[in-house]
Every structure is written in C-alpha cells, then in structure tokens.
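The values are calculated or read from the model by the stated rules, or taken from the named source; none is laboratory data. Only a predicted model underlies this, so the values are computations on that prediction, with no experimental measurement involved. Here the Cβ is made from the backbone with ideal geometry for all residues, glycine too, and neighbour counts use every protein chain on show. Quick note on the areas: whole protein, heavy atoms, side chains included, nothing else; ligands and nucleic acids left out. Shrake-Rupley method; radii C 1.70, N 1.55, O 1.52, S 1.80 Å.
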Amino acid sequence: DIVNEMAENCFEIATSQSGYCVLQICSNFVVQHLLELKIPEVTENLLRPLKGSYVSLSCNKYASIVVENCLIKAEEEQDSQIILELLSSPKVSILLVDPFGNFVIQKALSVSKVSSSAKSNCIYFFSSHMCVWQYVIYMKLGRLTKTLETFCTLSVGTR
C-alpha cells in the first residue's frame, strides 16, 4: 500500500526536491485539519512551535494558508499574539508586497476585533508603513486595497 511505501522511504522522499514539496503540502493539510477541530489544547500545541516563524511562513505559498487558518481558528488572545508577532517583525514590510504575505496581512485585519489591541496594532502598522502601503496600492493589488478600504470604513465608523 502507498502509505506503507511512503513511511518506509520517508527519508528519501523528504530529501528529494519533489518529495519534500509533497511532504510539505501534506503536512500543511494535516495542520489545517487539526485547526478546524477547534480543540484548544490541540490548537495551542500546533501554534507553540510556529511562534517566531509567522513572517517567514507567511511568505510561503502553502504555509501562508496555514497562517491564515491559524488566525481564523485560534482564540482571540492567540490571534493577537500572532498579529503582534507579524507586525513587530523588522521584516513586516515584506508582507505587504509579498504575493502570499499580503493575504496574511489582509486576514489579520479581518479577524482582529475592533476593540482589541491587535486592531490598534494594525492601525499603527499601516500609519507607520505608509510608504510601503502606497507602493502596494500603486501596484494595484486590488484585493488589499478593498480590504483596507473596508478596514478604514470600520475604523472610522467605530470612533
């Protein structure tokens, strides 16, 4: 059976370029499925080893989906920690222009609660990174622009 064959040859699969890609994709699907279970202990055990890696994960095609799912499925406190890590990284500007990272930033904006410190951090982030933000808009990343317009409308409307 194929599962046994993969298990027996796991090292060879993991060390080949195409095999590594397959394992990475499968691992990401497993993580996403476990997050969907919404079991607090499982979520905490999944998020703990990712801490400190969210920016680099956000710039990877498959891992960025995992980060987005972490933001969606995690509790508000965990969301805030992930968002704070993203926004306090010296590499945060990369997320705005990265094709996968900007989706993570959009998700962070959409899941952060209006009254939370995460939302305040998002507002501060965009005001302090205006130059990069203008570049992204200039490059016509329409989806980010639409999300930011919605965000700004919500922010102004809640004052």
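Tabulated values for the structure
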read-out: Gain on full stretching of the segment that runs from Lys51 to Ile94 - 0.36 nm per residue minus C-alpha separation; value: 13.6 nm
read-out: Computed label-point distance, nm, for sites Glu41 and Glu5 using a 7 Å Cα→Cβ extension; value: 3.7 nm
read-out: Computed E for Glu12/Leu34 - FRET, C-beta separation, R0 25 angstrom, nearest 0.05; value: 0.40
read-out: Heavy-atom accessible area order for Leu37, Leu57, Leu71, largest first, 1.4 Å probe; value: Leu37, Leu57, Leu71
read-out: Net length gained if the chain between Ser117 and Cys21 were fully extended (0.36 nm per residue, minus Cα distance); value: 30.9 nm
